[in-house]
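Remarks on the structure that follows.
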Amino acid sequence: MTDSRGATENRARAPLLEFRQARISFMLRAGEANVIPGLSFSLGAGEALGLVGESGCGKSTVALATMRYLGRAGRVTSGSILFEGQDIARMSEDELRRIRGRRIAMVYQDPMSSLNPVKTIGKQLMEVPMIHEGADAAAARALAVRMLEEVKLPDAAGFMDRYPHQLSGGQQQRVVIAMALIARPSLLIMDEPTTGLDVTVEAAVLDLVRELRQRHNSAILFISHNLGTVVRVCDRIGVMYAGEMVEQGTIRQVFANPRHPYTRGLLDCLPTLGRDKHGSPLATIPGQVGSPLSRPPGCSFARRCGSAEEGRCTTAPIPIRPVPGEAGHEAQCVRMAELEAWLRKDGQAGAVPDGAETAPLVEIAGLRKTYRQTHGLFGDTGKTVKALNDVDMFAEAGRTLAIVGESGCGKSTLAKIMSGLVTASEGTARIGPDQIAATAIDQRPQALKRKLQMVFQNPDSTLNPSHSVGYVIGRALRRLKGLGKRSAEDETRRLLDVVKLSGDFAGRKPHQLSGGQKQRVAIARALAGDPEVIIADEPVSALDVSVQAAIINLLNELQGERATTLLFISHDLAVVRYMADHVAVMYLGKVVEFGRAAEVFEPPFHPYTEALLSAAPVPDPDRQGERIILDGALPSATDLPPGCPFASRCPRKVGSICDTTPPPAQRLAHGHRIACHIEADELVSLQQGGAPERQREKHVRPHRAEEHIR
Amino acid sequence: MLRFFGKHALFMVVTLVAVSFLVFALNELSPGDVARKELGAYATQEQVDLLRQRLGLDRPVVVRYVEYLGKLFTGDLGYSQRFKVPVADIIFDRLRNTGLLAAVSFAVIVPLSMLLGVVAGMREGSVIDRGITMFATLAASVPEFAMGVFLASVFVVWLGVLPGTATLLSQTGGWSIPAQLVLPVAVIVLYDMGYVVSMIRASMVEVMQRPYIRTAVLKGMSFPRVILGHAVRNAMINPVTVIMLQINYLVAGVVVVETVFAYPGFGRMMLEAALFKDIALIEAGALVAVFVCVLTQILSDLAYMALDPRIRA
């Protein structure tokens, strides 16, 4: 340990990783795609640098180039990538192999697919010391177990013999992190390591990364589209646009005084927990990242930049220059000095329009959905899965009801019942006068189908790749409205206009569209029948922040014009805060808190809401509150505890009453209700006191992979 | 595990009963009369009726079916009108011969196709990949009889190093049984392997694009270790069913090869039985073929479970 400190100081002079004018291209049939035109940055030993930017900005290419894993088409055409002084781009395969996994390790976005499905966790972990250190099986095994303990997997030895599919997403990512750190690398590359994980799981994984970073003194190259997660883990941040580092500096420098219009754009378009739709619409960044096949001569962001000046910005390459008075802060903008000071668009929540209470249009009461768990062809395990367990909520006409919760909370089951894909086991759901809980979609009359439409998370998989946009929307118009061919075509054009796409999109196929455009098409299709209610199931979670802002604005505008009622399902609390009039927080098939958005987002909170809020990554270094980390795994939905569903993980659990007695729904002002044994007043005083102390001796339920329900 | 076998055994019995009835009924319905066929066109109707009576063909189908099932259980498969011996005597003999041919062929096909498929698929689009793909396509597209004749003319007629027939009688031209097997096995392997290689290659190409392969490479593993340690087993999951299906073909479908090389096998026997309307033999043969079919199904399920822990549950 003593000499490692000395070594660190030595290395601090020469950076651990340095990109020097690295130019990376992919040779495609269409020509050379120059993804990285000439990138320079450095990363010191033990330092954590976050790379952010929209998709297509070259972040992942930087990560993979550092490992020289660019496929057969990709190469570093000029410049160098120095790691500990050696040029990665010019190493032999053997030298490269000695660095991969040992000096540089990587953690990937999707842990499930990054782990080999047919090998046990243990074998996959043990490989690393066996390859690099020639360790024998016993030594490697001991090391692997120790590593699994270090990433806080309970029963580490037991995990060794499990297969990846037997683990939950969070556990899988812990295994991947253990696998990366097992050889004590000096550089750890993390490519969107928490994307796709639940908020509370993400918070726990990020905490773990911070902790391990301190212990191992590894440098981290942290790639994310989420500014909030970067703030949590990194010291410095680099903003990438079209393969260029347009701005870099310490977290505080960049977040307090962003000098590049793109950085400002990214920060502005984020909904934050303080804002809502009654204030101002979200800022957006128009357009999309240009194709790497052809680059403009000047600033590559100029086409989308509100401050661009014809000539100065568009004729010659822009050099990156230091921001005056801030050491280490650089930006690549010629107008840097002229731009006004940036102000965080905190905005308060706008005033809720008066006389706001309208009659509920959608009302859900006592809704239950129980699945029988089956195993194979004939095997009925006799167990039942309670996906929804006595759910009550309502949405007012022309307003937005947001449903939040983590995976397995039942929010998607609710959407399926509403849309008629499955029918409820018990309880009612109505839209206006129509009861829909027990009616499958094929039994619903046409008029009812028109009333309710869906928008899904992944527009890629919901649009048929062989159908043109015009066909998709036209068919919905013909079937829902009974329009003829000609009038359907006119109406299609009008709908495209409504979602701000030009009429010639009608002739395009989905593969010619960007993610945001696809989602607009999906919304246009949903609007075809002039629905009263639109159910949007995570409609923006697969989109870049700038596109997300545009879609959110669009949904709000449409609601304003058409008085559409929106059931908005999301895991992103900032988006929910921004969009929602009412919020239902769900946990394990129950609504633990329900009320108007303004009230749900202020104390008293249900302890689960509180944990969710504290876990949500906040893109502001000055507002990093203490986080509540939820221990333990989600209880299996097959044997729900008799008491409060959240009791096994609740940091504010009062005692055995939580395990045995279902909590009462405490009714507060404006229909706000919280299902908790703790009195609302007490919750307020507890929660203003900050995060709860973590219980020292916690009764941890036997840890298990989330049950696979087939 | 016990439940797995119980389920499959039940399935097998049900299938066998159903098939036996179907074959029995089909033979009843098809035109032509065994007795007439046996006695020739010049026999009198009286003689035909007499034979029908002796064979018990004048009684209702269902009665005879039940009786047939009963006999099956005592091991009596009936009497072959074509070969004039009890069915049991000929069918097991032929099955043994075919089993030998099938086993040798299968033992060559599987490792060879795995090798070629994996090598081709591990670097998609490489010269090796293109070479193997071309060979596989070519091999699979040349008909068996053409391949048989071609190989025979090279090795038998021209070079004279192998026998042109494989009757399995040791006195045939003094060729040993292994030597007799070479050409039939070669034809079957070439013909069948082209297909299996393509399957394995396609699966391998897909596996090589999976993120866990990237994980393995970026762990610093050498390419051969990545292939052997991470890719091959995953790449075999999908083709395993197809590979097991080859057993069915090898047992009941190699009629052409058996005919070309005068091999006394099961396929050829079935062909002759069908041409001659040797009902007892057809029925027994069909049952055997179905039995093999269900058995390979079980084997492929087992292999599938062995390869992929996700379906073991």
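Only the coordinates and a few stated rules stand behind these numbers; no lab work does. For clarity, every value in this text was computed on a predicted model and none was experimentally measured. Methodologically, a virtual Cβ is constructed for each residue, glycine included, from the backbone with ideal geometry; neighbour enumeration extends over all protein chains shown.
Structural remarks
- Projecting the Cα atoms of A:618, A:108, A:177 onto the dipole axis of chain A, where Lys and Arg carry +1 and Asp and Glu carry -1 at the beta carbon, places A:108 farthest toward the positive end.
- Gyration tensor analysis over the Cα atoms of segment B:166-313 returns equivalent ellipsoid semi-axes of 40, 20, 11 Å (largest first, whole Å).
- Summing Cβ point charges (Lys, Arg +1; Asp, Glu -1) relative to the Cα centre of segment B:72-193 gives a dipole of roughly 140 debye.
- Note on residue B:299 and residue B:169: their simple-model spin labels are 3.1 nm apart, each label 7 Å out from Cα toward Cβ.
- Cβ charges +1 (Lys, Arg) and -1 (Asp, Glu), total dipole of the protein assembly as shown, debye: 1220 debye
- Inter-chain Cβ neighbour count for B:221-234, averaged per residue, equals 3 (cutoff 10 Å, partner chain atoms only).
- Of the peptides A:261-269, A:453-461, B:200-208, A:434-442, the ranking by mean beta-carbon count within 10 Å, highest at the top, reads A:261-269, B:200-208, A:453-461, A:434-442.
- Only Cα sites of segment A:2-234 enter the Debye sum here, all with the same form factor; the resulting log10 I(q)/I(0) across q = 0.13, 0.17 1/Å is -0.80, -1.33, listed in q order.
- The mean number of partner chain beta-carbon atoms within 10 angstrom of a residue's beta-carbon across peptide A:159-165 is 2.
- Qualifying trypsin sites (Lys or Arg not before Pro) for segment B:58-156 [loop in DSSP, other Cβ within 10 Å: at most 11]: B:84
- Binning the alpha carbon pair distances of segment A:600-688 at 5 angstrom intervals from zero yields the distribution 3, 13, 21, 24, 19, 12, 6, 2, 0, expressed in whole percent.
- Among A:654, A:362, the order by Cβ neighbours within 10 angstrom, fewest to most, reads A:654, A:362.
- Per-peptide packing, taken as the mean over residues of other Cβ atoms within 10 Å, places A:169-179, A:664-674, A:636-646 in the sequence A:169-179, A:636-646, A:664-674 from highest down.
- Förster radius 41 Å - calculated FRET efficiency between residue B:176 and residue B:21, Cβ distance, rounded to 0.05: 0.40
- Likely footprinting exposure, A:572, A:87, fewest C-beta neighbours within 10 Å first: A:87, A:572
- Relative to the 2.2 N^0.38 Å rule of thumb, chain B has a C-alpha radius of gyration ratio of 1.23.
- Least to most buried among B:147, B:193 (fewest other Cβ within 10 Å first): B:147, B:193
- Filtered trypsin sites (Lys or Arg not before Pro), segment A:505-610: DSSP coil and at most 15 other beta carbons within 10 Å: A:508
- For chain A, leaving out every one of the GluC sites (Glu not before Pro) that falls in a DSSP loop and has at most 10 other Cβ atoms within 10 Å, the longest unbroken run is A:1-309.
- 25 °C / 0.890 mPa s Stokes-Einstein diffusion coefficient of segment A:157-236, Kirkwood radius on C-alpha pairs, µm²/s: 185 µm²/s
- Three-way shape call for segment B:1-136 based on the alpha-carbon gyration tensor, with the a/c threshold at 1.5: prolate
- Across the options B:140, B:154, B:118, the greatest Cα extent toward the positive end of the charge dipole of segment B:55-157 (unit charges at beta carbon of Lys, Arg, Asp, Glu) belongs to B:154.
- Debye intensity ratio in log₁₀ form over the Cα atoms of the protein assembly as shown, taken at each q of 0.10 Å⁻¹: -1.30
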